[in-house]
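These notes are about the structure you will find just below.
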Amino acid sequence: METKYCQSCGMPLQKQEELGTNHDGSRNEEYCCYCFKDGAFTMDCTMEQMIEHCAQFVDEFNKDAEIAYTKEEAITNMRIYFPTLKRWAVQ
């Protein structure tokens with residue numbers, strides 16, 4: 001099965017409990033529980049603000065990653081990757 005990623009923060013969506021929720025309480029397959037709850041985004045922010053928010057979790061990410069990134073490397077990579085996510089894609 002192909003791993004899905006949150007279309008707001010890029011977090012891998014591997015478990016049902018990691019999925020966000022729609023207005024009706026059903027699971028949302030596109031966004032994680034941290035970014036999307038009850039049919040709305042949990043943070044009203046710009047892409048750059050989301051990157052800064054996610055950069056706080058680099059050490060946690062590095063625990064399970066094959067390659068460890070510095071905070072600066074992670075931010076650089078997020079600036080490349082985030083514009084490809086549904087929430088931040090230029091319409």
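Values in this text are rule-based calculations from the coordinates and carry no lab data. The shown structure was predicted, so the numbers you read here are calculated from the model rather than taken from an experiment. So basically every Cβ, Gly included, is an ideal-geometry build from the backbone, and we count neighbours across all protein chains shown.
Can you name the condition, by its number, that residue 20 falls short on among (1) under 12 Å from the mean Cα position of the chain (by Cα); (2) assigned to a loop (DSSP other than H, G, I, E, B); (3) among the small types (Gly, Ala, Ser)?
Failed condition: (2).
Looking at the stretch 27-84 only, could you name the residues that are basic (Lys, Arg) and surrounded by 11 or more Cβ atoms within 10 Å (Cβ to Cβ)?
Within the stretch 27-84, 27, 37, 71, 79 meet the criteria.
Looking only at the stretch 2-10, decide whether some residue is in contact with a Leu (Cβ under 6 Å, 6 or more places away or on another chain), surrounded by 14 or more Cβ atoms within 10 Å (Cβ to Cβ), touching a residue at least 12 places away in the same chain (Cβ under 8 Å) and among the basic types (Lys, Arg).
yes
For residues in the stretch 1-17 being assigned to a loop (DSSP other than H, G, I, E, B) and either in contact with a Pro (Cβ under 7 Å, 6 or more places away or on another chain) or of a type in the set (Lys, Arg) (or both), which is nearest to residue 76 (Cα to Cα)?
My answer is 3.
Across the stretch 33-91, what is the total count of residues that are assigned to a strand (DSSP E or B), touching a strand residue (DSSP E or B) at 6+ places or on another chain (Cβ under 7 Å) and either in contact (Cβ under 8 Å) with a residue 40 or more places away in the chain or within 14 Å of residue 11 (Cα to Cα) (or both)?
Selection size over the stretch 33-91: 1.
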